[in-house]
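Worksheet: the structure to be examined is printed underneath.
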Amino acid sequence: MNIFQTLQDIENQVKEELPGLGSTAAVETLRLRLLGKKGELTALMKTLGSLTPEERPKVGAQINQVREWVTQRLDEAALAMQAREREESLRRETIDVTEPRDPLPVGSAHPITLVMNELVDCFTGLGFEVMEGPEVELDHYNFELMNLPKNHPARDAQDTFYMDDNIVLRTHTSPMQARAMLTRKPPIRIICPGRVYRADEVDATHSPVFHQMEGLVVDEHVSMANLRGTLEAFAKRLYGQDITTRFRPSFFPFTEPSAEVDLTCVACRGKGCRICKGTGWIEVLGSGMVNPKVLEMCGIDSNKYSGFAFGIGLERIAMQRYGIRDMRLLYEGDVRLLSQLR
Ligand code: DAH
């Protein structure tokens, strides 16, 4: 076949096919067909050997010219195609980061956490500072410094889990009183929320793990009136202006005198109902004036300083607040309960 005819034919192929090609891959296929190792132009080059020395340069130049032309056309086409493909993919893959997505399921804070946060809010508003301490506590702080020496009968009510003879899981947050007095100087105004432990069987009102919040104030001239005023402010802040406190005489080794403090029943606002067993009052915390013996054991001069303390059970408040009748519900982690308390 006439070489010039073939070259013309190759040029025509390029002119006809190139405009119709839809992708860089198709351009590449055409390139291989013409310029590849087994391509048509490559095949023509190989025929140069069979020509006469006079013909060879002329034909060679002609082939080269066509090859350059083809290369250029294909390169241009490939470049243009690449740019178009990139634009298309950018358009296709654009994401609108402002588009709202399907709502994610949102969790909720645990009722104990909600109550704890609220109490912390309330007492820090009254000038108290939050102080936290260990759940694994020395017998010395948990009992001895709280005026509960070994073999004291009041230890019976607070049986706990012993790591060894001297280390226990704390049975109340009261050891934080000792930790505060031994590390700070009066005036002391602290609250200590946290987890406490007792060797109790699980039932509707008991759990071996529960929560308390201790309060302690030590300063000059601190009186029972200050204790009452503080707890009144707390009750009203938590439940409303019509809620008040009732102090009943009680006994705790670390306070003298001691009082159980009731709040007006929130369910019936004091009228008497099933929840308060008709009394109009709900028992919420233990409190009293810090026993001078405790002050002295913790290095505080009881002639100069006095103090009050209180311990609030958080479970009881949470149960009352959210109408939860069985304490076990608080620990089962059932979302049907938790999702009601957003
Ligand atoms: N620690 C006591 C308990 O767990 C509660 C308590 C009573 C704390 C009187 C006090 C207090 O600070 O003054 O039963």
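The values are calculated or read from the model by the stated rules, or taken from the named source; none is laboratory data. Every value quoted in this text rests on a predicted model; they were computed, and no experiment measured them. Counting neighbours? That spans all protein chains shown, and the Cβs are built from the backbone with ideal geometry, glycine included. SASA here: full protein model, heavy atoms, side chains in, ligands and nucleic acids out. Shrake-Rupley method; radii C 1.70, N 1.55, O 1.52, S 1.80 Å.
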For this session: Taking Arg170 as the residue in question, decide whether it is within 30 Å of the chain's Cα centre (by Cα), surrounded by 13 or more Cβ atoms within 10 Å (Cβ to Cβ), within 12 Å of the ligand (Cβ to nearest atom) and free of Cβ contacts under 8 Å to residues at least 40 places away in the same chain.
Result: yes
For this session: Determine whether the stretch 161-182 contains at least one residue that is in contact with a Gly (Cβ under 6 Å, 6 or more places away or on another chain), under 24 Å from Asn291 (Cα atoms), of a type in the set (Lys, Arg) and assigned by TED's automatic domain parsing to the domain that holds Gly229.
Result: yes
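For (1) assigned to a helix (DSSP H, G or I); (2) modelled with pLDDT under 95; (3) open to solvent by 90 Å² or more (accessible area, probe 1.4 Å), each residue gets a yes or a no:
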| position | (1), (2), (3) |
| --- | --- |
| Ala80 | yes, yes, no |
| Glu85 | yes, yes, no |
| Glu99 | no, yes, yes |
| Leu104 | no, yes, yes |
| Leu119 | yes, no, no |
Exercise. Among the listed residues Glu214, Glu232, which satisfies the condition of being at pLDDT 95 or above and away from the ligand (no atom under 14 Å from the Cβ)?
Worked result: Glu232
Exercise. Any idea which of Asp139, Asp102 is in the same structural domain as Leu285 (by TED's automatic domain parsing), of a type in the set (Asp, Glu) and at negative phi?
Worked result: Asp139
Problem set entry | helices (runs of 4 or more DSSP H) wholly inside the stretch 2-77 containing at least 3 residues that are within 28 Å of Ser89 (Cβ to Cβ) and open to solvent by less than 60 Å² (accessible area, probe 1.4 Å) | 24-35
Exercise. Among the residues of the stretch 141-160, is any open to solvent by less than 10 Å² (accessible area, probe 1.4 Å), modelled with pLDDT of 95 or more, in contact with a Lys or Arg (Cβ under 8 Å, 6 or more places away or on another chain) and assigned to a helix (DSSP H, G or I)?
Worked result: yes
